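Some notes on the structure that comes next.
Only the coordinates and a few stated rules stand behind these numbers; no lab work does. The shown structure was predicted, so the numbers you read here are calculated from the model rather than taken from an experiment. Quick reminder, even Gly has a Cβ in these numbers, built from the backbone with ideal geometry, and neighbours come from all protein chains shown.
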Amino acid sequence: MLRYLLSFLFAMVSSWAAEPGGPAYADPQPQRYHLTKRASEVDSRAREHPEIDFVFKDSSGKIQDLEHAVVDTRVAPRGRLVIWLMGYGSPLFDRLGDYGLHAIQVHYANKWFGLIPAAVRDDGVSLGQMRLEAATGEDFTKLAAIPPPDGMMERALQWVRWLAREHPLGQWGQFLTADGQGLRWDKVIMSGSSHGATTATRFALHQKVDRVVAFCGPRDQLESWPGFKSATPAQRIFGFSHVLDSGWTGDHYPRSWGMLGLGQFGPVVDVDVTAAPFGNSRRLITRFDVKGDAKRAHSSVVPGSAAGKAANGDYFHEAVWRYLFTHPIDRVGEPEPAGR
C-alpha cells in the first residue's frame, strides 16, 4: 500500500510540474460538468448505417447515439482534449476531469468489426483500412461507405463546436482552429480500449496528435500498419495491458508495441512492482490477481468494476492512469537493448 501511495504522489507532482495549461476558467460555481447530447441532434447530417448495424436506436428503442463530455472547472486546465473511442464510463471520465483534462466520447460508425468476412478480415490490410475510414470518413476501403459526418473526426468536431457554443464556461473553444472548421489535433489525446485502442493508434499514425493512450491494445495482429511511418512520434504512444489478457498471451499487444517502436523509450514495466514514473516507459503491464479470468483481465486496466482494488476499496492503478494521460512526453526511459 505504501508503494502505491508513493507512486501516486510522485505521479501527481511530476505531471503537474511539466504540462502546459489551457485558459483559466471563469466559473462562478466551479464543479464537474457532465454534458450529453445525441449525435443526430448535434449534426443534422448524421446518418444511420444499418448495413453495419450502426443505428440511432436499437430494436428495443434504446438510444444508441448519445455522446458524453466531461470537464471539471475546479481543476487547473491542462489544455488537452481526450477523445475516447469506446462506451462512456464515469470512473474513467471522472478521473480525466480530476487530471485537468477535457474529455469527450463520440458516437461514430464503428460497428463493423464483427461483420467483415474472415478471409478479408485476415488479409493483413483490410482492418487498418476500415479503421481509417471509420475514423476519418474518407474512402479507404470498399467494404463500407462511411461519409465524413459519420466518421470520428467530424463527429468529434461537431460535438466540440456544440460544447463551445452551449457550454462556454468549459472553455471548449480552445480545441477548435481559428476558423472553427477543424479540431486542434495538437491538443488532442486519442484513447480507447480494445478495438477502440487499436483505432485510436491507427488514426494517430495517420494524423499527428498530442498523445495516444491504448488500454488493452492495439491489436490487429495480422496487419502491417503498426510498422508504417507514423505522423505521431512513437514516444507519444502509451500502452497498458494485463498479462492474462489474450491479446497479451497471444503476442498481439507486444507485437504491436514492438512494431510501433515503443522499445526505444524503455522496457516493458510491471506496474505492480515498480513505482511511478515506471522507468518513464511507454509499455506498462499488470499481473494483479484476476482469478485466471482472461475476460476480466482484458477490461481490468481501465477504471471500473473489473479493475483491481485494495481491501479499503482504493484502486491499485490510480498512479498508472494519471501517468498514462499526463506524464511529460519528453521524459523517456532507456532504449531496450537490441535483439530484445
**Asked** So between Thr36 and Ser305, what do we pick up on full extension, going 0.36 nm a residue minus the alpha carbon distance?
**Response** 94.6 nm
**Request:** Give the relative contact order (percent, whole number) for the chain; include only Cα pairs under 8 Å separated by 6+ residues.
**Result:** 16 percent
**Item:** Where only C-alpha atoms are counted, convex hull volume of region 141-230 per residue in Å³
**Value:** 121 Å³
**Prompt:** If only Cα atoms are counted, what is the Rg of region 59-156, and what is its Dmax, in Å?
**Reply:** 16.2, 51
**Fill in**
Rounded to the nearest whole number, the Stokes-Einstein translational diffusion coefficient of the chain at 10 °C and 1.306 mPa s (Kirkwood radius, C-alpha pairs) in µm²/s is 78 µm²/s
**Message:** Taking the number of other C-beta atoms within 10 Å as the exposure measure, put Ser191, Ser60 in order starting with the fewest.
**Reply:** Ser60, Ser191
